[in-house]
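Trainee: The following block contains the structure, expressed as structure tokens.
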Amino acid sequence: MKAIEIQNLTKRYKDFLAVDNISLSIEEGEIYGLLGPNGAGKSTTINIICGILNSSYGEIKILGETLSIKDKSARKYLGLVPQQVALYNEYSAYENVKFFGSLYGLKGNELEECVKKALEFTGLLDMKDKRASDFSGGMLRRLNIACGIVHNPKIVIMDEPTVGIDPQSRNHILQSVKKLNEKGTTVIYTTHYMEEVEEICSKIAIMDNGKVIVEGSKEELKSIVSDKKSLILRIDNFETIDEKEIKNIKGVTDVIIDENEITINTEKEINNLDKIINYFTTNKIEIRDIGYEDINLETVFLSLTGRRLRE
Ligand code: ADP
Ligand code: MG
């Protein structure tokens, strides 16, 4: 069975297309990554799937049931962990999770059991009586997750659950996504961190400007750039670099200049390292460090869009 099927989904804000004719099919049991830079349309897509936002056009089926403006009952299969943490600061962790559990229709003993399990799962049971206002950013994110999974939904949708938190909490969240999935939950995971989708996702759709530009497993996506290699240089005086001149070197396909790091993608078969280095030495630009890096989803995004995932 398909967990979620989306056909021709479109969301328009006046003249602006936030989601531009997206079609996706997400199998049950998947950890499905929606990867894209800020503004790509990830949250808009997620919020339409969850029935929080109405689409301008298109069809959505959740476990075979069509979601419509009039009939949103298919939402019962879903648990949403929203991008903006939505919690009651004055409530304890326990009370917050309990509140969300009751919203999903849980009652009595079952509610208490589910709350405890959700807190245990997110590693917060020891802190259940602490008020949300006393939680750190990472703990709030985890509490946000506990609230989204308390009713044991078949499909959990997490919208950028690791933005702005410490590495330890981030790791805890990634591990808990894997655990949820091992228990049979389908997870849809949006992020602009390619390392995260590389680590946990079995299937990935890359979004940009409201469109899905490519979809597949990590291996399938990387095969798009398997004929490339990626050279990274670290330099100090990047102002003097002429991107066009580097692009003119034989074999160079993409050049991206960041603060003090330049990424130069090149056709794999062509040896042009001497020419690239020559450009820097003749222009008296000191290279601090240089080396080839493995191709990754950033390379894929770059070669499809000419831009970086992270601005
Ligand atoms: P992402 O989650 O990938 O960062 P969003 O789905 O939040 O992207 O936003 C996609 C685009 O839609 C952005 O350019 C954003 O500015 C725009 N957008 C989102 N909500 C609204 C709104 N209520 N009115 C107008 N534009 C919006
Ligand atoms: Mg978003």
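Trainee: Using a 1.4 Å probe over the heavy atoms of the protein chains, calculate the carbon and sulfur portion of the accessible area of the stretch 139-275 as a whole percent. Intermediate results must be reported in sequence, preceding the final value.
Mentor: Numbers: 2710 of 6010 Å².
On the stretch 139-275, the fraction of accessible area on carbon and sulfur atoms equals 45 percent.
Trainee: Connecting C-alpha atoms closer than 10 Å in a GNM of the chain, tell me which of LEU297, LEU233, LEU63 has the biggest fluctuation.
Mentor: For the chain, modelled as a Gaussian network with Cα springs under 10 Å, the answer is LEU233.
Trainee: Per DSSP H run of n ≥ 4, the term is -39500 (n - 2.57); total these for the chain, divide by its residue number, and report the mean residue ellipticity at 222 nm rounded to 500 deg cm²/dmol. Could the numbers behind the result be given before it?
Mentor: Working: 10 runs with 99 residues, N = 311.
Computed ellipticity for the chain at 222 nm equals -9500 deg cm²/dmol.
Trainee: In addition: Listed highest first by mean packing, meaning other Cβ atoms within 10 Å per residue, what order do 278-286, 88-96, 213-221 come in?
Mentor: Working: 278-286: 12.4, 88-96: 17.9, 213-221: 16.0.
So the order, starting with the most tightly packed, is 88-96, 213-221, 278-286.
Trainee: Looking at the stretch 26-85, which GluC sites (Glu not before Pro) are DSSP coil and have at most 10 other C-beta atoms within 10 Å of their C-beta? Numbers along the way, then the final one.
Mentor: Numbers: sites: GLU27, GLU28, GLU30, GLU59, GLU65; in loops: GLU28, GLU30.
Nothing satisfies the criteria.
Trainee: Rolling a 1.4 angstrom probe over the protein chains, ignoring ligands and nucleic acids, what is the accessible area of CYS114 in square angstrom, nearest 10?
Mentor: 20 Å²
Trainee: For a protection proxy built on the mean count of beta-carbon atoms within 10 angstrom, sort 74-85, 125-136, 150-161 highest first, please.
Mentor: The densest-packed peptide leads the list: 150-161, 74-85, 125-136.
Trainee: For the stretch 248-287, what is one quarter of the convex hull surface built on the Cα atoms, given in nm²? Before the final figure, lay out each step's value.
Mentor: Details: hull surface 11.6 nm².
Approximately 2.9 nm², given one-decimal rounding.
Trainee: To one decimal place, what orientation-averaged projected area in nm² is obtained for the convex hull of the Cα set of the stretch 42-88? Don't skip to the end; give the middle numbers.
Mentor: Values: hull surface 15.3 nm².
Convex hull of Cα atoms, orientation-averaged projection: 3.8 nm².
Trainee: Taking only the alpha-carbon positions of the chain and ignoring solvent, what does the Debye formula give for the base-10 log of I(q)/I(0) at q = 0.12, 0.14, 0.16 Å⁻¹?
Mentor: The Cα Debye sum returns log10 ratios of -0.86, -1.05, -1.23.
Trainee: Please report the antiparallel percentage of the DSSP beta bridges confined to the chain, to the nearest 5. Working shown, then result.
Mentor: Values: 40 of 58 bridges.
Here the antiparallel bridges make up roughly 70 percent for the chain.
Trainee: Right, next: So for the stretch 1-145, Kirkwood radius off the Cα pairs, Stokes-Einstein at 20 °C and 1.002 mPa s: how many µm² s⁻¹? Spell out each step's value before the answer.
Mentor: Working: Rh = 17.0 Å.
Approximately 126 µm²/s, per Stokes-Einstein.
Trainee: Across bins of 5 angstrom width beginning at 0, how are the C-alpha pair distances of the stretch 139-207 distributed, in whole percent?
Mentor: Histogram of Cα-Cα distances, whole percents per bin: 4, 15, 32, 27, 17, 5.
Trainee: Give, rounded to the nearest 20 debye, the magnitude of the charge dipole that the stretch 1-84 has about its Cα centre when Lys and Arg contribute +1 at Cβ and Asp and Glu contribute -1 at Cβ. Please list the in-between numbers first.
Mentor: Working: 10 positive and 9 negative charges, 70 e Å.
Using Cβ point charges on Lys, Arg, Asp and Glu, the stretch 1-84 gives about 340 debye.
Trainee: Oh, and also: Any idea which of ILE285, ILE246, ILE200 is furthest toward the positive side of the dipole for the stretch 194-311, if Lys and Arg beta-carbons carry +1 and Asp and Glu beta-carbons -1?
Mentor: Looking along the dipole axis, the top candidate is ILE246.
Trainee: If the only charges are +1 at each Lys and Arg Cβ and -1 at each Asp and Glu Cβ, what is the size of the charge dipole of the chain around the Cα centre, to the nearest 20 debye? Please list the in-between numbers first.
Mentor: Numbers: 41 positive and 49 negative charges, 214 e Å.
Magnitude of the dipole: close to 1020 debye.
Trainee: Under a plain spin-label model, where a point goes 7 Å from the Cα along Cα-to-Cβ, how far apart in nm are ASP129 and ASN209?
Mentor: Distance between label points: 5.6 nm.
Trainee: Could you state the number of Å between the C-alpha centres of the stretch 148-196 and the stretch 64-139?
Mentor: Taking the Cα centre of the stretch 148-196 as reference, the centre of the stretch 64-139 is 14 Å away.
The values are calculated or read from the model by the stated rules, or taken from the named source; none is laboratory data. What you see is a predicted model; the values in this text were computed from it and never measured. Because the Cβ atoms are built from the backbone with ideal geometry, glycine has one as well, and the counts that use them run over all protein chains shown. Accessible surface is based on the protein model in full, side chains and every heavy atom, while ligands, DNA and RNA are left aside. Shrake-Rupley method; radii C 1.70, N 1.55, O 1.52, S 1.80 Å.
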